1. Condition test on Glu164, is it farther than 21 Å from Asp93 by Cβ, of a type in the set (D, E, K, R) and out of contact with any helix residue (DSSP H, G or I) (no Cβ under 7 Å at 6 or more places or on another chain)?
2. If you take the residues in the range 29-53 that are hydroxyl-bearing (Ser, Thr, Tyr) and more than 27 Å from the chain's Cα centre (by Cα), which one is most open to solvent (accessible area, probe 1.4 Å)?
3. Scan the range 127-156 for residues that are open to solvent by less than 60 Å² (accessible area, probe 1.4 Å) and within 12 Å of Leu92 (Cα to Cα) and jot them down.
4. Report the residue count in the range 54-74 for those that are open to solvent by 10 Å² or more (accessible area, probe 1.4 Å) and either in contact with a helix residue (DSSP H, G or I) (Cβ under 7 Å, 6 or more places away or on another chain) or not in a helix (DSSP H, G or I) (or both).
5. Using beta carbons and a limit of 7 Å, which pairs, at least six apart or on different chains, have the first residue in the range 106-122 and within 11 Å of Glu96 (Cβ to Cβ) and the second one open to solvent by 60 Å² or more (accessible area, probe 1.4 Å) and among the hydrophobic types (A, V, I, L, M, F, W, C)?
6. When you check Val171 against the structure, is it over 22 Å from Asp86 (Cβ atoms) and open to solvent by less than 30 Å² (accessible area, probe 1.4 Å), yes or no?
7. Within the range 106-126, does at least one residue satisfy the condition of being under 30 Å from Glu168 (Cα atoms), out of contact with any Pro (no Cβ under 6 Å at 6 or more places or on another chain) and at pLDDT 95 or above?
Amino acid sequence: MNRRARALLLGCTISLLVPLAPARVEAQSQATPANKERAAALKKQGDEAMQSLSYADALASYNQSYALVPDPALLYNIGRAHEALDDLPAALDSLEKFDATAPAELKARVPKLSALIVELRGRVSSVTITANVSGARVLVRGRDLGTTPLPSAVRLRSGSATVEVTKEGHVPWKREVSLPGGGALTVDVTLSTKERRGTLIVGTTPPGAAVTVG
C-alpha cells in the first residue's frame, strides 16, 4: 500500500486514536510513576508519527509504550498502525485483543470497531501447513514461518501465495496456492529424499563371472 493510499485509509480515523485512560486500567496502578510518564510520552510520539504518515515509527513507539504500561487503548492504535503498514494479520490480532480486553466505555469511543474487525477478517486467511518430515523450513511469500511441525495455524493475508518447504537431503517443495479470505486452508506437504539406495542381487551362470553396474 503506497503512502497516499495509507493516508486515505487513516484520514478519517486519526481523530479516533485512543488516549490513555489511567483511572480505568489496572495495569496503570501497578506501573511506576516513571514508567507511566515515559509510556505517555511514547504514546504521544506514536500519535504524532501516525499523523505524519510515519507508520513504522508510530508502531515502534506504541509497542514501547505498551511494554511499559499495557493499557488496552494502545492495542487499538497498534492495530491501526499495522493496518497502515498493510500487515493485516497483525492488525486483526491487535484489534481483537483490544475488543476482548478494553472496558465498554473505551470501546464506545470506536463505534465502528466491530465492522472494522469483520472487514479485516475477510482479508485474512488461517493457514495450516503440515509435512511428512520434521525440521523442514517453511516459507510463505518469502516469510520464514519456522520449521515443521509448526505449532498452530498461521494468519496470513488472503490471496495468491507461494509456499516453499525445504530440508537438507530432500527435494525442495514449492507450490502456488490461493489463501481464502475469511477462511482456512490446510497445505499437506510430502518431501522426497534425494538419496536413492537399494540392494542388487545378481546370480550368474557359471558362478564367479565378473559383474559391472553402470
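The values are calculated or read from the model by the stated rules, or taken from the named source; none is laboratory data. It should be emphasised that the depicted structure is a prediction, and the values quoted were computed from it without experimental measurement. As a convention, Cβ positions derive from the backbone with ideal geometry for all residues, glycine included, and neighbour counts pool all protein chains shown. Protein only, heavy atoms only, side chains kept; ligands, DNA and RNA dropped before computing areas. Shrake-Rupley method; radii C 1.70, N 1.55, O 1.52, S 1.80 Å.
1. Details: farther than 21 Å from Asp93 by Cβ: yes; of a type in the set (D, E, K, R): yes; out of contact with any helix residue (DSSP H, G or I) (no Cβ under 7 Å at 6 or more places or on another chain): yes.
So Glu164 fits the description; yes.
2. Of all residues in the range 29-53, those hydroxyl-bearing (Ser, Thr, Tyr) come to 29, 32, 52.
Retained after the next criterion (residues that are more than 27 Å from the chain's Cα centre (by Cα)): 29, 32.
On the way: Ser29: 89, Thr32: 68 Å².
Ranking the qualifying residues of the range 29-53, first place goes to Ser29.
3. First pass over the range 127-156, keeping only residues open to solvent by less than 60 Å² (accessible area, probe 1.4 Å): 127-131, 133, 135-136, 138-140, 142, 145-148, 150, 153-154, 156.
The one that is open to solvent by less than 60 Å² (accessible area, probe 1.4 Å) and within 12 Å of Leu92 (Cα to Cα): Leu156.
4. Kept after step one, since they are open to solvent by 10 Å² or more (accessible area, probe 1.4 Å), are these residues of the range 54-74: 54, 56-57, 59-61, 63-64, 66-68, 70, 72.
This time we only want the ones that are either in contact with a helix residue (DSSP H, G or I) (Cβ under 7 Å, 6 or more places away or on another chain) or not in a helix (DSSP H, G or I) (or both), so: 54, 57, 59, 61, 63-64, 66, 68, 70, 72.
Looking only at that region, the number is 10.
5. Close Cβ pairs satisfying both conditions: none exist.
6. On the way: over 22 Å from Asp86 (Cβ atoms): yes; open to solvent by less than 30 Å² (accessible area, probe 1.4 Å): no.
No: the conditions fail for Val171.
7. If we filter the range 106-126 for residues that are under 30 Å from Glu168 (Cα atoms), which is where we start, we get 125-126.
Still in the running and out of contact with any Pro (no Cβ under 6 Å at 6 or more places or on another chain): 126.
Okay, now just the ones that are also at pLDDT 95 or above, so 126.
The answer is yes, given that some residue of the range 106-126 is under 30 Å from Glu168 (Cα atoms), out of contact with any Pro (no Cβ under 6 Å at 6 or more places or on another chain) and at pLDDT 95 or above.
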